[in-house]
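Visitor: One structure is given below, represented as structure tokens, and several questions about it will come after.
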Amino acid sequence: MRDRVPERLRVKREPQRARYDRETVDAILDEALICHLGFAVDGRPYVIPTLHARVGDRLYVHGSAASRMLRHVATGAEVCVTVTLFDGLVLARSVFNHSVDYRSAMVFGRATLVEGDEKVAALRALTEQLAPGRWDEARQPTAKELKATWILSLPLDEASAKVRTGPPEDEPEDLDLPVWAGVVPVHLAAGPSEYDWRRVQDGRVGPPRTTRG
């Protein structure tokens, strides 16, 4: 837990769910498959889904050289990256108190364009984030493919998480209502495949496995 949390990182609503430790933030970023990159161009807000990977204290975000918006972001614009893992449907006895169990992370920072050897290393990290071991299985990118790919980097200096777990929070006067209440666990599942996707364990998609099988 940080002693002093920057104001824009501080969770205002349900502050008891806030997590400011890097261990929690890193675990959420590492498990998530997709992030959302938010930024502004000419005063207009944009949020785009894309791929990401964390390497140490930096977060890499995948993009295309053909994207006019990303060219703007790469100049050092302020961005916000978010990821969310949906863990359960929380059904209360009242509609108002319905909720979901989730783990989310938010990262603020200035994005910079990655070049040279770091770009190759970042592309490898992005590949391994999706499918551990795939970088060594598949053909390596050509110079043309590298040129067409942009990778943005931002530090994890300003990052926070928010986590909701547990049963519904019913009002005392609703506890005797004849309505089922509880949590329906939710997880991402993978269909049958000949490929040993090292993010799958017993059909469930989760953090990368370090071993095959």
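Bear in mind that the values in this text are calculations on the coordinates, not laboratory data. Everything numeric in this text was worked out from a predicted model, so none of it was measured. All Cβ positions, glycine included, derive from the backbone under ideal geometry; neighbour counts span all protein chains shown.
Visitor: Given the DSSP H assignment, sum -39500 (n - 2.57) over each helix run of at least 4 residues in the chain and divide by its residue total; what's the result at 222 nm in deg cm²/dmol, nearest 500? Walk me through the intermediate numbers first.
Guide: Values: 5 runs with 41 residues, N = 213.
After summing the helix terms and dividing by residue count, I get -5000 deg cm²/dmol.
Visitor: From the square roots a ≥ b ≥ c of the eigenvalues of the alpha-carbon gyration tensor of segment 61-161, which class results: rounded (a/c under 1.5), prolate (a/b over b/c), or oblate? All intermediate terms of the calculation are to be shown ahead of the outcome.
Guide: Values: a/c = 2.84, a/b = 1.76, b/c = 1.62.
The shape class here is prolate.
Visitor: Follow-up. What is the calculated FRET efficiency for GLU14 to ARG110, with r their C-beta to C-beta distance and R₀ = 35 Å, to the nearest 0.05?
Guide: 0.75
Visitor: Between VAL120 and ARG209, what length in nm is gained on full extension when 0.36 nm per residue of separation is reduced by their alpha carbon distance? Before the final figure, lay out the partial values.
Guide: Numbers: separation 89, 0.36 × 89 = 32.04 nm, distance 2.27 nm.
Gain on stretching VAL120 to ARG209: 29.8 nm.
Visitor: Using alpha carbon coordinates only, what is the Rg to Rh ratio of the chain, with Rh defined as the Kirkwood radius?
Guide: On the way: Rg = 19.8 Å, Rh = 19.3 Å.
My calculation of the ratio gives 1.03.
Visitor: Oh, and also: Go through LEU188, ALA148, SER160 and say which Cα lies farthest out towards the positive end of the charge dipole of segment 125-213; charges sit on Cβ, +1 for Lys and Arg, -1 for Asp and Glu.
Guide: ALA148
Visitor: Relative to the Cα centre, what is the charge dipole magnitude of the chain, using +1 at the beta carbon of each Lys and Arg, -1 at the beta carbon of each Asp and Glu, and rounding to the nearest 20 debye? If you can, show how the numbers build up before the last one.
Guide: Values: 30 positive and 31 negative charges, 169 e Å.
The dipole magnitude comes to about 800 debye.
Visitor: Rg/Rh for segment 130-183 to two decimals, with Rh computed the Kirkwood way over all alpha-carbon pairs.
Guide: Numbers: Rg = 24.3 Å, Rh = 17.7 Å.
With Rg and the Kirkwood Rh in hand, the quotient comes to 1.37.
Visitor: Moving on. Using alpha carbons only, how many degrees (0 to 90, rounded to 10) separate the axis of helix 22-31 from the longest principal axis of the chain?
Guide: 80 degrees
Visitor: Can you compute the modelled spin-label distance between ASP157 and ALA77, with each label point 7 Å from Cα toward Cβ, in nm?
Guide: 2.1 nm
Visitor: Excluding same-chain residues fewer than 8 positions from LYS144, which aspartates and glutamates have a Cα within less than 18 Å of its Cα?
Guide: Within reach: GLU115, ASP117, GLU118.
Visitor: For LYS147, list the lysines whose Cα falls under 30 Å from its own Cα; do not include residues on the same chain fewer than 8 positions away.
Guide: LYS119
Visitor: May I ask for the distance between the Cα centers of segment 102-121 and segment 1-55, given as a whole number of Å?
Guide: If we compute the Cα centre of each part, the gap is 12 Å.
Visitor: Moving on. Would you mind calculating the gained length between ASP170 and ASP21 on full extension (0.36 nm times residue separation, minus the Cα-Cα distance), in nm to one decimal? Please list the in-between numbers first.
Guide: Numbers: separation 149, 0.36 × 149 = 53.64 nm, distance 2.96 nm.
So the chain would gain 50.7 nm between ASP170 and ASP21.
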